[in-house]
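Below you'll find the structure, written out as structure tokens, and then a few comments.
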Amino acid sequence: MTRKSAIAALLLLPSFSYAATVLSAPPELNNKSYVLMDYETGQILASKNENEKLAPASMTKMMTSYIIEQKLLKGELTENEQVRMNESAWCKGSSSESCMYVPLNGTATVLEMLRGIIIQSGNDASKAMAEHIAGNEGTFAHMMNQEAKRIGMVNTQFINSTGMPAEGHYSTAKDMAVLAQHIIKDSSKYYPIYSEKEFTFNGIKQGNRNALLYTDPSVDGLKTGHTDEAGYCLTTSSKRGPMRLISVIFGTPSMSERADQTRTLLAWGFANFETANVQPANQVLAKAKVWFGKEDEVQVGLAENFSVTMPKGKADGIKTQLVVQPNLNAPLQKGQVVGKLVASLDGKVIAEKPLVALKPVEEASFFARLIDHIKQFFSNLF
């Protein structure tokens, strides 16, 4: 590969062809907002009011559980660590909210609390964990908002850990889909909990409120929500073959409606789209020029398989382009991002994947670097 082609950095790779139109229009659904997202690419396949700020009800607890899971994975919490149920978090037996029913001043392990949050939608477990981690629920809400910003939830603000009605507590269908994406990917060790159908604590057995877990074997999460303000809400993940779809529905009029609408949305998505493997990982896609290194070139490729979800139908042509950063300088680490592989259809970018160095390149000696500086100076004149 020449230096000019490396710096020009637009290398046309073999194309993969799929139809540009779907088989049918998205379904009309009686709700406030919805999103259907492809998990692999984050591509929105269908939506209605996707960025409208709405009360998320207990879908809020997805962020509470995500923070707990990440702290477990980092070693900042342990599964068997005991968590105390203070009076400020304790459920007093009211039927107006979901509870895990940990006794006042009693304890449960972090893993039990996590199950109580995900499966039983326990407000008491959510508040107890918020206090355990941050000292109080307000400080934990600040932590939730920081995490939301970090992962790209751009229209979300949390006031509490539970989703109970509060002024200024809102999210969007798109943001909740982004959160579901991160839970599935980042918390894979704990993600199976989201598909568990029941959990018993303190002699009280409660079933998961996600009705699709009982009727659709492809569904493996995530979280329901309901308040009078929010209506009936549901974030769902379904995997059929190589394709995983995430649906988020806000504000349906009933429990049965949120389940039925989710079934309809998922069925439409799987009927109209398919996932294609564009490029496997760890294959040499090109050799790019490197300055100031012991080697003049570096092999570049993908660290992860690159798949895109496309409409089903006649072939119409995915085009892929390899975009390499100009003027790569040693040292380069294995896995260091040096560009991106871009997939497009009809001139529109539909997905990207980071391009990385497949091998390290060490820095050259002082005199070799000096020669490269001279070469680079004169090459930039032409």
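We did not get these values from a lab; they are worked out from the coordinates using the rules stated. None of these values were measured; they are calculated from a predicted model. Note that each Cβ is placed from the backbone with ideal geometry, even for glycine, and that neighbours are counted across all protein chains shown.
Residue by residue, what Karplus-based ³J(HN,Hα) values in Hz, rounded to whole numbers, does region 244-249 have, using 6.51, -1.76 and 1.60 with θ = phi - 60° and x for Gly and Pro?
Each residue's phi maps through the Karplus curve to give 10, 10, 10, 10, 10, 10 Hz.
If you rank LEU345, LEU265 by fewest surrounding Cβ atoms within 10 Å, what's the result?
Fewest-to-most ranking of LEU345, LEU265: LEU345, LEU265.
Provide the per-residue ³J(HN,Hα) series for region 63-71, in order, calculated from phi with Karplus coefficients 6.51, -1.76, 1.60 and θ = phi - 60°, each as a whole number of Hz, with x at glycine and proline positions.
With the stated coefficients, region 63-71 comes to 6, 4, 5, 4, 5, 4, 4, 5, 5 Hz.
Search the structure for amide H atoms under 5 Å from the amide H of GLY106, placed 1.01 Å from N in the peptide plane, and list their residues when 5 or more places away or on another chain.
So GLY106 has HN proximity to MET85.
By how many degrees, 0 to 90 and rounded to 10, does the Cα axis of helix 137-151 deviate from the longest principal axis of the chain?
Tilt of helix 137-151: around 30 degrees.
Calculated FRET efficiency, ARG84 and SER218, Cβ-Cβ r, R0 41 Å, to nearest 0.05?
0.55
List, in the order given, every pair from LYS32/LYS348; LYS48/LYS223; LYS289/LYS319; LYS92/LYS205; LYS71/LYS127 whose Cα-Cα distance in the structure shown is over 26 Å.
LYS32/LYS348
Positive end of the charge dipole of the chain (Lys, Arg +1 and Asp, Glu -1 on Cβ, about the Cα centre): tell me which of THR107, GLY168, PHE292 has its Cα farthest that way.
Selected residue: PHE292.
In what sequence do ARG150, ARG244, ARG258 fall when counting other Cβ within 10 Å, fewest first?
Going from sparsest to densest Cβ surroundings: ARG150, ARG244, ARG258.
For region 322-382, state which GluC sites (Glu not before Pro) are in a DSSP loop and have at most 12 other beta carbons lying within 10 Å of their beta carbon.
The qualifying sites are GLU362.
Give me the extension gain from ILE44 to VAL349: residue separation times 0.36 nm, minus the current Cα-Cα distance, reported in nm with one decimal.
108.5 nm
Just going by the charge dipole of region 33-252, with Lys and Arg at +1 and Asp and Glu at -1 on Cβ, which of PRO192, GLY251, MET59 is farthest out on the positive end?
It is PRO192, whose Cα lies furthest towards the positive end.
Would you grab the residues whose amide H sits under 5 Å from the one on TRP291? Only those 5+ places off in sequence or on another chain, please, with H modelled 1.01 Å from N.
Placed amide hydrogens put LEU328, ASN329, ALA330 under 5 Å from TRP291.
Going by amide H atoms built from the backbone, whose H comes under 5 Å of the H on VAL278, apart from near neighbours?
Counting only residues 5 or more places away or on other chains, the set is PHE306, SER307, VAL308.
Hey, fewest Cβ within 10 Å first, where do PHE292, PHE366 land in order?
The most exposed by this proxy come first: PHE366, PHE292.
Can you give me the C-alpha center-to-center distance between region 49-88 and region 238-260, rounded to a whole angstrom?
Rounded to whole Å, the Cα centres lie 21 Å apart.
Run the dipole for the chain about the Cα centre, Lys and Arg Cβ at +1, Asp and Glu Cβ at -1, nothing else charged, and hand back the magnitude in debye, nearest 20.
Computed about the Cα centre, the dipole is about 1060 debye.
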